[in-house]
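Participant: Here it is, the structure in full.
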Amino acid sequence: MKVSIEEHLQQLRSRATELLLREDWNEYINLYSRFISLCRSHLLAASSGAASDSVHKTLCLALSNRAEGRFRSRDLPGALEDCDDALDLDPAHLKSLLCKAKVLLDLDRYSSASECLKLALASQPSGGAADVVRGLSYRCRKLEAQSRTGSFDLSDWILNGFSEKCPDLAEYIGPVEIRRSTNGGRGLFATKNVEAGTPLVVTRAVVVGRGILPESGDRHGESARMVMWKDFVDKILDVAEKCSRTLCLIYQLSAGTGQGELDVPDIDLFKPEAAEELFVLKSKKPDVGRILKVLDVNCLREEGFSAGIHGKHSNYIGVGLWILPSFVNHSCSPNARRLHVGDRVVVHASRDVKAGEEITFPYFNVLLPLDDRRAMAKGWGFECSCERCRLEESVGFRQEMRELEMVMKSGTDLDGVAVRLEEGMSRWTVKGKAKGFLRASFWPAYSGVYESERLTRRCGRRIPAVSMAVQSVSEAVGGDERILRALLRRLKRGGGDAMEMDKAMRLGRGTYGKIMKKAAMKALCEVALVHYAN
């Protein structure tokens, strides 16, 4: 007996439900792909209008179900295509409208998602569907406002001890543009004056790989690292193959040396609403060799503190590819930091930045002397020539500084190192910002003194008060938890006044960004105090 298409669909539903519960999205998608082909064959052969209408409805539902499967498997372009095909058959199909809205939200296309939800609302949904529409509409309005204003607030999440799900953050590109850098490459530059803490870029990772690696020295450590890296690369290649936009943006990044002078892309290319015709490639198949080189040069590790505040294991490691932040170059006198929130990274000014100034990160620990920083830069494959490195290289008292470095590294006489450096800067007529540079290079010594009441008393007025030293160093290298901690410890001991508390809050904004209220900032500072004490 011939089985009708409705009966065939009913038979498939139980199998689809099983696959749904198992989250076997590949087989789920394959199942509906076969059924969609069957529906289309029936449409071509249908002779009556009634039969054709029935198949249209069935096809519409099948496309919507496959779209949901593609959405769950992160094939967002494929899911969007299925939703559009279903809506061509029935422009008011509620399930397809809701799936399309979810896809558009995950693609950070908030205005388009909002239009889709208006159509869903016009269909007068009831019960659970109405709740879904209202929930998505609220989320859409919130994200659209964030993307337009750059105003983010993580206060509730922080005050609840990071126990809740990571907050929803919008894609945001602030007052920045890509320009040719003084190092000959490309960099991100401020287009206007911005205050410390101002968000500059908020963006989602292409992929983040996370894991707990064995203890240092464990013979399985390298093997676990390689497995994690392979899984990460496989996910990158999968996303790149599914989405030509993502592949095109990955190709905008440097693949290392030997490429010649690279084009400087317009910042609008990185905005979610950029026109699709900008992302047409000759070949949709990813160039694996090129992508591996891009990953080698551009991947970022999640900041240790960002992992710490989530209560991660001490051997936790997270690595990801964030497209626009990959254009940010290193400086030993950086003016920006990043805070990782889920798969998003928030890039903010860590000190006041002037219009036209290049946005820079510290790629490694910059609270160390010049020779140590040079060795780390060499490991990254470059030589830093920032203002701070040039100053320290050119001074005539390099030998005296090297002698102080040796004493500091021995871990003894830290107070003597700090005092001798202050006395030396007076003799060498070092002034202004240069003092902050040198204090930053010897911060381990200053920090050791400020953490000990005995050493602080012994130094007396021969070294600056902690608030003065903190301000000097933060003006040189921007906000940093380790600098902030020195000031917080003084306040914790009962020292300081309202002015110093205000300095701590300003330094906190430079360290974490202006993305929380004062109460949340204080709570986060407490976490930092505990985290860096361990």
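The values are calculated or read from the model by the stated rules, or taken from the named source; none is laboratory data. These numbers were taken from a predicted model, which means no experiment stands behind them. Here the Cβ is made from the backbone with ideal geometry for all residues, glycine too, and neighbour counts use every protein chain on show. Surface areas here come from the heavy atoms of the whole protein model, side chains and all, with no ligands, DNA or RNA. Shrake-Rupley method; radii C 1.70, N 1.55, O 1.52, S 1.80 Å.
Participant: Once neighbouring chains are kept in place and the probe is 1.4 Å, which whole percent of the accessible area of segment 370-531 is contributed by carbon and sulfur?
Facilitator: Using a 1.4 Å probe with all protein chains present, segment 370-531 comes out at 52 percent carbon and sulfur.
Participant: Please go through segment 355-449 and write out the GluC sites (Glu not before Pro) that DSSP classes as loop and that have at most 10 other C-beta atoms within 10 Å.
Facilitator: Answer in residue order: Glu383.
Participant: Check which residues have an amide H placed less than 5 Å from Val207's amide H, if you skip close sequence neighbours.
Facilitator: Amide H neighbours of Val207: Leu321.
Participant: Taking K and R as +1 and D and E as -1, what net charge do the other residues with C-beta under 14 Å from the C-beta of Val477 add up to?
Facilitator: Within the 14 Å Cβ shell, the charges total +2.
Participant: In the neighborhood of Ile158, defined by Cβ-to-Cβ distances under 14 Å, what is the net charge if each Lys or Arg adds +1 and each Asp or Glu adds -1?
Facilitator: +2
Participant: Quick one: which residues, 5+ away or cross-chain, put their amide H under 5 Å from the amide H of Arg351? H built at 1.01 Å from N.
Facilitator: Gly197, Gly479
Participant: Sticking with this structure for a sec: Classify the chain from the C-alpha gyration tensor, please: rounded if a/c falls under 1.5, else prolate or oblate depending on whether a/b exceeds b/c.
Facilitator: Here the chain falls in the prolate category.
Participant: What number, rounded to the nearest 500 deg cm²/dmol, is the helix-based mean residue ellipticity at 222 nm of the chain, given -39500 (n - 2.57) per DSSP H run of at least four residues and division by all its residues? Don't skip to the answer; put the middle values down first.
Facilitator: Details: 23 runs with 300 residues, N = 534.
Result for the chain: -18000 deg cm²/dmol, rounded to the nearest 500.
Participant: Kindly write out, for segment 149-158 in residue order, the coupling ³J(HN,Hα) from the Karplus curve 6.51 cos²θ - 1.76 cosθ + 1.60 (θ = phi - 60°), rounded to whole Hz, with x marking Gly and Pro.
Facilitator: Rounded to whole hertz, the list is 9, x, 9, 10, 9, 9, 4, 4, 4, 5.
Participant: Oh, and also: Can you give me the C-alpha center-to-center distance between segment 67-121 and segment 397-441, rounded to a whole angstrom?
Facilitator: Between the Cα centres of segment 67-121 and segment 397-441 lies a distance of 61 Å.
Participant: Which whole-number value in Å² is the accessible area per residue of segment 157-359, probe 1.4 Å?
Facilitator: Working: 9660 Å² over 203 residues.
That works out to 48 Å² for each residue.
Participant: With a Förster radius of 22 Å, plug the Cβ-Cβ distance of Ala355 and Glu261 into 1/(1 + (r/R0)^6) and report the FRET value to the nearest 0.05.
Facilitator: It comes out at approximately 0.30.
Participant: Quick one: accessible surface of Val407, probe radius 1.4 Å, all protein chains present, in square angstrom to the nearest 10.
Facilitator: About 40 Å², ignoring ligands and nucleic acids.
Participant: Under a 5 Å amide H to amide H cut-off, with H placed in plane at 1.01 Å, what residues pair with Val176 once short-range neighbours are removed?
Facilitator: Thr191
Participant: How many nm is it between the label spots at Arg427 and Arg390, if each spot is 7 Å from the Cα in line with the beta carbon?
Facilitator: Modelled inter-label distance: 2.8 nm.
Participant: So, taking all protein chains as they sit and a 1.4 Å probe, how much accessible area belongs to Val419, in Å² rounded to tens?
Facilitator: 10
Participant: Taking only C-alpha pairs under 8 Å that are 6+ residues apart, what is the relative contact order of the chain in percent?
Facilitator: In percent, rounded to a whole number, it is 14.
Participant: If you take the square roots of the eigenvalues of the alpha-carbon gyration tensor of segment 27-109 and sort them as a ≥ b ≥ c, do you get rounded (a/c under 1.5), prolate (a/b over b/c) or oblate?
Facilitator: The shape class here is oblate.
Participant: Can you pull the percent of segment 5-147's accessible area that's carbon plus sulfur, 1.4 Å probe, other chains left in place?
Facilitator: Values: 3640 of 7140 Å².
That fraction is 51 percent.
Participant: Keeping every protein chain present and rolling a 1.4 Å probe, give me the accessible area per residue for segment 5-147 in Å².
Facilitator: Per-residue value: 50 Å².
Participant: Just read off the accessible area of Thr17 with the full protein assembly in place, 1.4 Å probe, to the nearest 10 Å².
Facilitator: 70
Participant: Can you compute 3J(HN,Hα) from phi for each residue in segment 266-278, using the Karplus curve 6.51 cos²θ - 1.76 cosθ + 1.60 with θ = phi - 60°, rounded to whole Hz and x for Gly and Pro?
Facilitator: Each residue of segment 266-278 in turn: 6, 4, 5, 4, 8, 7, x, 7, 4, 4, 4, 5, 6 Hz.
Participant: Once the piece of chain linking Val227 and Leu43 is laid out straight, how much longer is it, given 0.36 nm per residue of separation minus the C-alpha distance between them?
Facilitator: Result: 61.5 nm gained on full extension.
Participant: Probe radius 1.4 Å, ligands and nucleic acids ignored: give me the carbon and sulfur share of the accessible area of segment 157-359 as a rounded percent.
Facilitator: Exposed carbon and sulfur together represent 48 percent of the surface.
Participant: With an 8 Å Cα cut-off and a minimum separation of 6 or more residues, compute the relative contact order for segment 5-147 in percent. Can you show the working numbers first?
Facilitator: On the way: 142 pairs, mean separation 22.5, N = 143.
16 percent.
Participant: With θ set to phi - 60° and the Karplus curve 6.51 cos²θ - 1.76 cosθ + 1.60, what are the ³J(HN,Hα) couplings of segment 83-96 in order, to the nearest whole Hz, using x for Gly and Pro?
Facilitator: Whole-Hz 3J(HN,Hα) from phi for segment 83-96: 4, 5, 5, 5, 6, 5, 7, 8, x, 9, 5, 4, 4, 5.
Participant: State which stretch of the chain is the longest one without any exposed trypsin sites (Lys or Arg not before Pro), exposure meaning a DSSP loop state and at most 10 other Cβ atoms within 10 Å.
Facilitator: Numbers: sites that count: Lys2, Lys165, Arg219, Lys282, Lys354, Lys431, Arg493.
Longest stretch, sites excluded: 3-164.
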